[in-house]
Amino acid sequence: TTAGQDVEKWVKGVCRYCGVGCGVLVGVSKGKITTVKGDPDNPVNKGRLCVKGILLPKIMDTKDRLLHPLVKKNGQFVKVTWEEALELIAGKFREAIDQYGPDSVGYYGSGQNIAEEAYVANKLFKGAIGTNNIDGNPRTCMASAVAGYVSTFGKDEPMGTYADIEQADVFFIIGANMAEAHPVLYSSLVDRKNANPNVKIIVADPRRTRTADVADMLLQFIPGTDLALLNSMANVIIEEELTDRTFIDNHTTFLQGEKKLTFAEFKTFLADYTPDRTAGVTGLSAEQIREAARLFADRNRNAMSLWTMGLNQRIRGTWANNLVHNLHLLTGKICRPGNTPFSLTGQPSACGSIREVGALSHLLPAHRVVANPKHREEIAGIWGVDPQKMSPKPGYHTIEMFRAAASGALKVLWVVCTNPGQSIPNLTPYREGMEKTFMIVSEAYHPTRTSELADVVLPAALWMEKEGVYGNGERRTQHIAKAIEPPGEARPDVWALIEVAKRLGFGNLFPYRSNEEIWEEYRKCTVGTKMDLPAYDRLRKEHGLTWPLPDPGGPETSIRYAAPYDPFVKEGIQFYGRPDGRAVIFARPHSGPQEIPDDEYPFYLSTGRVLEHWHTGTMTMNVPELKRAMPEMYAELNPEDAEKIGVKDGEPVKIISRRGECMLKAKLNGRGQPRPGMVYVPFHDTEIARMINFVTIDAFDDASKQPEYKICAVKLVKA
Ligand code: SF4
């Protein structure tokens, strides 16, 4: 924006929305945020912002901003003091823990929390209370990417960075609509293509999306056949000898389950996936698959794969991630500039605050796991708690957490900075569970679809009303300065967590006087893990740094596992997360979704995002320009299907699954088009009747525990 003539000061921050993590400069005047502009010195966005980012000031003073704590009494929310709310919360925690044990309480956080909040919550629940019942919404968007990286490379998070986009010659985008979900990164991709006409883009997606507008090749495969497609591309790469055998011999190992395979055995495994055979499964032509594989493996091109929820939100999401990694490992297109598999992140700090802090039910800080006694001991030492008190058993993951609330096993649940009452798949039983358990919700806005079910709602300080650290999708840790005071009695979530900790008798574990002190304690957890994070004072000055940074004053790391980029590797490439230093090429068979269409429910349903809105709309539906641009969500149909069921553009259509239903207006020939036999619905709508998660399925990947939002079977009825 060019606005801001009357700005008193500009404050450095990071966009509040997606995982791209664009740098912003926030203009403040008379104690209010009046304008935002892209930070030209931030390497992520170089001054660019998308329409959501540029309108960020409008999320601050909305009419539903919560200004004081509320407690539900006789079915009505009444205003209370912080003291009253905190005493009530601490009392409920104490009562449940005394009567039913520590596993009767839980915490559900967010990839929108700053790292310090997630760290304190993790320490309070896992270290002080002694339960691993702490999970968060990154489970529903990133868990399969985590499990994919960990199983293939031994360590989580990408080896490359966004800078690879500027050097890649072929992009393989599968299950990601970057044009709408990661718009600024998409503009880097378009720049790259415009600058070099030889750059090729392959888009693989059952729906023709806006991203496909720049594609040279669109692979519109049948939903749920991604594993067959990826194996078939690997088959072509091997059969046509497009592999890099030296790289394979030096840096990889083949596994089928626990069993080691030879290259020849792996080749035999892939024999079932010739393009001629998989064409029928995927709905693509054999020639399309061959061409995509050849383009990807072209020795004269650098290759970068980009993916997100389309692969992750599947019951075989982990395997799908493994199979993308396979393509890079077979061709040696990895750990060199412009050559990398790269999972995109949904939230601004899903990596920084959840994956790195370890705020999921099986993790501990710096990619450690609760099941490992050495890891528990190391963290207990830093936290100053008894390692015997830390449970080795992973706590409830997301679906289990809300199942436990529904069954009555979970007595108290604290939800912070997220809206599961709208975002959990198969909502009906879980909303009932949220109502049943004693639920505390920390929120900037009220009511939301979760806070309306709560017993206590705590007013949260919002973006730029508190200091903190976000970690984006390329391992970039960025500091956000506090620009203004929170309104009313709103307080940072970290303050509320520490106040409850004190009332539970754990005050001595949380003596922090500043966010910097919390960060520096957390940073100790990262030393020696090859995830070494930068110091807070350096973060304040820089425009983010990509870890690891073992030398506090040294350079950031652009490419992990490879010299000369990674300070932990002396020469060549070493996948040091794995005991043998080799990455795994997995033999994973094709496996379809949990539910496929049948006579009764003949359509695939897939859900996703639109450019104008974000997650459950609590912020973007409050921005008049965004609301006007996209006032409500819709059912995007293929015109062939619309004709069959007799629905015209704009007419209401009921979407019914085995779990629930919703009613949306049909959209034909919109900004995207699904394959015939498929309906696509963005999930941002806040109206109960239009909330698609009453329809989606809560089946989940058995490795990552990530739910299969992307596919279920539905019927469509003209309403
Ligand atoms: Fe914000 Fe993402 Fe848009 Fe960048 S691309 S401005 S991080 S929403």
Point to revise | Which of Asn372, Met142, Cys22, positive extreme of dipole for the chain (C-beta unit charges) | key: Cys22
Review point. Roughly what % antiparallel, to the nearest 5, for the DSSP beta bridges in the chain?
Key: 50
Exercise for review: Give the whole-number value, in cubic angstrom per residue, of the convex hull volume spanned by the C-alpha atoms of the stretch 464-584.
Suggested key: 146
Practice item. Pick out, from Pro158, Ile33, Pro676, the residue whose Cα sits farthest towards the positive end of the charge dipole of the chain, with +1 on the Cβ of Lys and Arg and -1 on the Cβ of Asp and Glu. Key: Ile33
Practice item. Neighbouring Cβ atoms within 10 Å as the yardstick, rank Lys52, Lys193 fewest first. Key: Lys193, Lys52
Point to revise | Within straight-line cross-link reach of Lys389, aspartates and glutamates at Cα separation under 18 Å, skipping those fewer than 8 residues along the same chain | key: Asp98, Asp103, Glu377, Glu378
Study note, to complete from the structure: If every Lys and Arg gets +1 and every Asp and Glu gets -1 at its Cβ, then about the Cα centre the stretch 143-344 yields a dipole, in debye to the nearest 20, of 160
Revision key, fill the gap. Extension length gain for Glu687 and Asn194 (0.36 nm per residue less Cα distance), in nm, is 173.4 nm
Review point. So, with +1 on the Cβ of K and R and -1 on the Cβ of D and E, and no other charges, what is the size of the charge dipole of the stretch 603-718 about its Cα centre, to the nearest 20 debye?
Key: 160
Review point. Any idea what the dipole of the chain comes to, in debye rounded to 20, about its Cα centre with Lys/Arg Cβ at +1 and Asp/Glu Cβ at -1?
Key: 380
Study note, to complete from the structure: Pseudo-spin-label distance Arg294 to Asn250, built 7 Å along Cα→Cβ, given in nm, is 2.9
Practice item. Tell me the label-point distance for the pair Glu661, Lys482, using the 7 Å Cα-to-Cβ offset, in nm and rounded to one decimal. Key: 5.1
Review point. So in the stretch 143-344, what percent of DSSP beta bridges are antiparallel if you round to the nearest 5?
Key: 20
Review point. Computed on alpha carbon atoms, what radius of gyration and Dmax characterise the stretch 143-344, expressed in Å?
Key: 15.5, 46
Practice item. Taking every Cα atom in the stretch 604-719, find the radius of gyration and the maximum pairwise distance Dmax, and write them in Å. Key: 14.0, 42
Exercise for review: For each of Cys417, Cys712, count neighbouring Cβ atoms within 10 Å of the residue's Cβ, then give the residues from fewest to most.
Suggested key: Cys417, Cys712
Practice item. Mind pulling the per residue volume of the convex hull built on the Cα atoms of the chain? Å³ is fine. Key: 147
Exercise for review: Run through the DSSP bridge list for the stretch 603-718 and note the antiparallel percent, rounded to the nearest 5.
Suggested key: 60
Check your understanding: Between the stretch 497-529 and the stretch 1-57, what's the alpha-carbon centroid distance in Å?
Key -> 30
Check your understanding: What is the extension gain from Glu87 to Lys627, computed as 0.36 nm multiplied by their sequence separation minus the C-alpha to C-alpha distance, in nm to one decimal?
Key -> 190.5 nm
Check your understanding: Which FRET efficiency value, to the nearest 0.05, do you get for Glu542 and Lys644 by plugging their Cβ-Cβ distance into 1/(1 + (r/R0)^6) with R0 = 45 Å?
Key -> 0.20
Study note, to complete from the structure: Counting only residues 5 or more apart in sequence or on a different chain, those whose built amide H sits under 5 Å from that of Arg491 are Ala460, Ala461
Check your understanding: From the backbone phi of the stretch 329-342, what are the Karplus-calculated ³J(HN,Hα) couplings (6.51 cos²θ - 1.76 cosθ + 1.60, θ = phi - 60°) in whole Hz, Gly and Pro given as x?
Key -> 6, 5, 9, x, 8, 7, 6, 10, x, x, 10, 6, x, 8
Practice item. Can you spot the aspartates and glutamates whose alpha carbon is less than 12 Å from Lys648's alpha carbon? Ignore those fewer than 8 places along the same chain. Key: Glu636, Glu640
**Study point:** By average C-beta atoms within 10 angstrom, highest first, the peptides 645-657, 533-545
**Key:** 533-545, 645-657
Review point. Which length gain, in nm to one decimal place, applies between Lys374 and Lys9 when the Cα-Cα distance is subtracted from 0.36 nm times their residue separation?
Key: 126.6 nm
Revision key, fill the gap. The alpha-carbon center of the stretch 234-297 and that of the stretch 131-196 are separated, in whole Å, by 23
Point to revise | Separation in nanometres of the label points that stand 7 Å from Cα toward Cβ, at Val78 and Thr268 | key: 7.5
Check your understanding: For the pair Glu489 and Tyr100, what calculated FRET efficiency results from E = 1/(1 + (r/R0)^6), where r is the Cβ-Cβ distance and R0 = 41 Å, to the nearest 0.05?
Key -> 0.80
Check your understanding: Would you list Ser423, Ser353, Ser187 from fewest to most Cβ contacts within 10 Å?
Key -> Ser187, Ser423, Ser353
**Study point:** Lys/Arg +1, Asp/Glu -1 at C-beta; the stretch 143-344 dipole; positive extreme among His325, Ile237, Ala215
**Key:** His325
Review point. Which FRET efficiency value, to the nearest 0.05, is calculated for Glu571 and Ser285 with the Förster distance at 51 angstrom and r the Cβ-Cβ distance?
Key: 0.70
Exercise for review: Show that you can apply the helix-only estimate: for the chain, add -39,500 (n - 2.57) for every DSSP H stretch of four or more residues, divide by all residues, and state [θ] at 222 nm to the nearest 500.
Suggested key: -8000 deg cm²/dmol
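Readers should treat all values here as calculations from the given coordinates under stated rules, not as data from a laboratory. These numbers come from a predicted model, not from an experiment. Glycine gets a Cβ as well: all are built from the backbone with ideal geometry, and neighbour counts include every protein chain shown.
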